[in-house]
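As structure tokens, the structure follows; a few thoughts come after it.
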């Protein structure tokens, strides 16, 4: 039984307990009859017949309301969030380093192929320049006497046949490694020039009309050839 005042009279009544079964989308408590249930503040002012609000979902943010003198965090409604452990960070670092290493190797391979292709293309220009020199002089430039082939400037091709190549920029030490004009076919009737790739010295390019090439003696070579670690890998007739 409960007593309440109505004007100057005291009226007795029996309060109806309300059973809270759910929370609406707006946070309002709803009883089985579909009626709204007063909030906790209203319930505390009207007696203990009203249940405390139910919190179905944990609250997040910087403001945590209290319930019964205890904070939401203290009641365990807020999830504990942890950072990465040292081992997890180390694993991620190793994976990133491996991926970066793989990408670096692939990129370097692309660079080497590009430089090699450029040297081979310029080597063909040099080849045709030497053949034009032979057509004019019935001989190739000499290795030691005039007209001497210069490993840096590629003279006398520039002045005599107008060679305009820029192969030096991609060669080790900025020059060809060696040039020779053997006489076993007649005086200065054959020639070869060898050069090493700057970006990857394991590659050599040989331009020749000769069977006396230092990297492959006894085999007739005519054109531009690529060697890797001393092994013939590309050129006319190479499968």
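Taking the Kirkwood radius as the inverse of the mean 1/r across Cα pairs, report the Rg/Rh of region 102-154.
Reported Rg/Rh, Kirkwood definition of Rh: 1.25.
Once fully extended, how much extra length lies between residue 110 and residue 239, figured as 0.36 nm per residue of separation less the alpha-carbon to alpha-carbon distance?
This chain segment gains 44.3 nm when fully extended.
Taking each pair of distinct Cα atoms in region 119-234 once, what is the resulting Kirkwood hydrodynamic radius in Å?
That comes to 14.0 Å for region 119-234.
For residue 153 and residue 214 in the same chain, what is the full-extension length gain: residue separation times 0.36 nm, less their Cα-Cα distance, in nm?
19.8 nm
Full extension from residue 117 to residue 93: what is 0.36 nm times the residue separation minus their Cα-Cα distance, to one decimal in nm?
Going from the current span to full extension adds 5.0 nm.
Which value in nm describes the separation of the simple spin-label points at residue 138 and residue 100, placed 7 Å from the Cα toward the beta carbon?
With each label point 7 Å from Cα toward Cβ, the separation is 6.6 nm.
Bear in mind these aren't lab numbers, they're just calculated from the coordinates by the rules spelled out. Values in this document were obtained by computation on a predicted structure and should not be read as measured data. Note: ideal-geometry Cβ built from the backbone for every residue, glycine included; neighbour counts use all protein chains shown.
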